[in-house]
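Notes follow the structure.
The values are calculated or read from the model by the stated rules, or taken from the named source; none is laboratory data. Worth saying up front: this structure is predicted, and the values here are computed from it rather than measured. Using ideal geometry, Cβ is built from the backbone for each residue, glycine included, and neighbour counts are taken over all protein chains shown.
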Amino acid sequence: MILELTQAVDRVAQAIDPNELAFLAMTSKLEFPFRDRLAYALALAMPNDERIAREWNRCDLAWLSGSAPRLLVELKACYSFDLVSQPEIYFGHLRRDLLKARILAGPGPACFAVLMATTLAVPSLRLFTTPSSTRVGSTRRSPNLELLNTSELGP
């Protein structure tokens with residue numbers, strides 16, 4: 001399951017235009033459009049008798065076989081400067097979400113969290129480019145994806 005999830009996240013990251021990602025990060029709750037694209041990418045990788053559900057029992061994404069979850073994914077978005085100044089807030093959210101997912105899933109299915117950290121790249125200390133430009137901002141995507149598995153949380 002981790003391979004399918006990692007590949008789906010990579011497909012979404014490569015398919016989305018960086019300017020669109022920057023615009024979404026600046027104007028919306030980024031996890032919603034990312035979640036929807038991730039749901040689609042996962043659906044492409046699954047057998048026909050299984051399905052992806054968004055907001056399944058208040059879990060962001062669930063890969064279901066019948067009504068039983070095989071994989072649960074929680075997503076969080078933040079700005080990288082918030083991670084530096086208040087890491088306990090975001091990692092606390094992730095921990096609570098993963099524990100909630102683990103309780104929902106029971107002992108079998110895998111539960112993961114995807115943390116999307118937006119880094120504002122501000123050339124010449126300007127938040128936006130000039131109006132004549134087609135670019136609205138810029139985000140930098142890390143080539144490395146780190147998934148936090150509930151087995152790493154301890155008892």
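The table below lists the values:
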{"read-out": "Matching residues, the stretch 1-23, being crowded, with 16+ Cβ neighbours inside 10 Å and closer than 13 Å to residue 44 by Cα", "value": "4, 5, 8, 9, 11, 12"}
{"read-out": "For residue 96: the one exception among (1) surrounded by 20 or more Cβ atoms within 10 Å (Cβ to Cβ); (2) more than 14 Å from residue 117 (Cα to Cα); (3) over 13 Å from the mean Cα position of the chain (by Cα)", "value": "(1)"}
{"read-out": "Hits in the stretch 23-71 (condition: in a helix (DSSP H, G or I), within 23 Å of residue 93 (Cβ to Cβ) and among the small types (Gly, Ala, Ser))", "value": "25, 39"}
{"read-out": "Residue within the stretch 73-82 that is in a strand (DSSP E or B), under 13 Å from the mean Cα position of the chain (by Cα) and touching a residue at least 60 places away in the same chain (Cβ under 8 Å) present", "value": "yes"}
{"read-out": "All positions within the stretch 87-120 that are of a type in the set (Phe, Trp, Tyr), touching a Leu at 6+ places or on another chain (Cβ under 7 Å) and not in a strand (DSSP E or B)", "value": "90"}
{"read-out": "So residue 73, is it modelled with pLDDT of 60 or more, buried (at least 16 other Cβ atoms within 10 Å of the Cβ) and among the hydrophobic types (A, V, I, L, M, F, W, C)", "value": "yes"}
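Every residue, every condition in (1) touching a Lys or Arg at 6+ places or on another chain (Cβ under 9 Å); (2) over 26 Å from residue 41 (Cα atoms); (3) modelled with pLDDT of 90 or more, yes or no:
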site: 91; (1), (2), (3): no, no, no
site: 112; (1), (2), (3): no, no, yes
site: 118; (1), (2), (3): yes, no, no
site: 128; (1), (2), (3): yes, yes, no
site: 146; (1), (2), (3): no, no, no
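One line per residue, one yes/no per condition, for (1) aliphatic (A, V, I, L, M); (2) more than 18 Å from residue 69 (Cβ to Cβ); (3) in contact with a helix residue (DSSP H, G or I) (Cβ under 6 Å, 6 or more places away or on another chain); (4) free of Cβ contacts under 8 Å to residues at least 60 places away in the same chain:
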| site | (1), (2), (3), (4) |
| --- | --- |
| 11 | no, yes, yes, yes |
| 15 | yes, yes, no, yes |
| 18 | no, yes, no, no |
| 22 | yes, yes, no, no |
| 33 | no, yes, yes, yes |
| 37 | no, yes, yes, yes |
| 45 | yes, no, yes, yes |
| 53 | yes, no, no, yes |
